[in-house]
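Colleague: Encoded as structure tokens, here's the structure I'll be asking about.
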Amino acid sequence: MRIDKFLNSVNITKRRSVAQDMISNKVVLINDVIVKASKNVEVGSVISINYLESTKKYKVLKIPTTKSTPKSLQDEYIKEL
């Protein structure tokens, strides 16, 4: 699954366009490498998002098969480090 779709489907970002904007501004990294929106996410990857004041890291546990997942099931897909 593409990184922009993944961020949206596991509720890290509210909209896919927000995820794409973050990626184009080079604040999203997978395994400490700046990525493009078309980069595929794999189980075990570490996604880093550099916000203005802090950095959040998430470990990918599972790839969703649907377009969106309930916020209550977010822990099945990612783990915040």
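The values are calculated or read from the model by the stated rules, or taken from the named source; none is laboratory data. If you're wondering where the values come from, they're calculated on a predicted model, not measured in any experiment. Using ideal geometry, Cβ is built from the backbone for each residue, glycine included, and neighbour counts are taken over all protein chains shown.
Colleague: Looking at the range 1-56, which of its residues are touching a residue at least 24 places away in the same chain (Cβ under 8 Å), surrounded by fewer than 13 Cβ atoms within 10 Å (Cβ to Cβ) and within 19 Å of Asp75 (Cα to Cα)?
Modeller: The answer is Lys56, and nothing else.
Colleague: Just the residues that are surrounded by 12 or more Cβ atoms within 10 Å (Cβ to Cβ), more than 15 Å from Arg2 (Cα to Cα), at pLDDT below 95 and not aliphatic (A, V, I, L, M), please, taken from the range 59-74.
Modeller: Those that are surrounded by 12 or more Cβ atoms within 10 Å (Cβ to Cβ), more than 15 Å from Arg2 (Cα to Cα), at pLDDT below 95 and not aliphatic (A, V, I, L, M): Thr69, Gln74.
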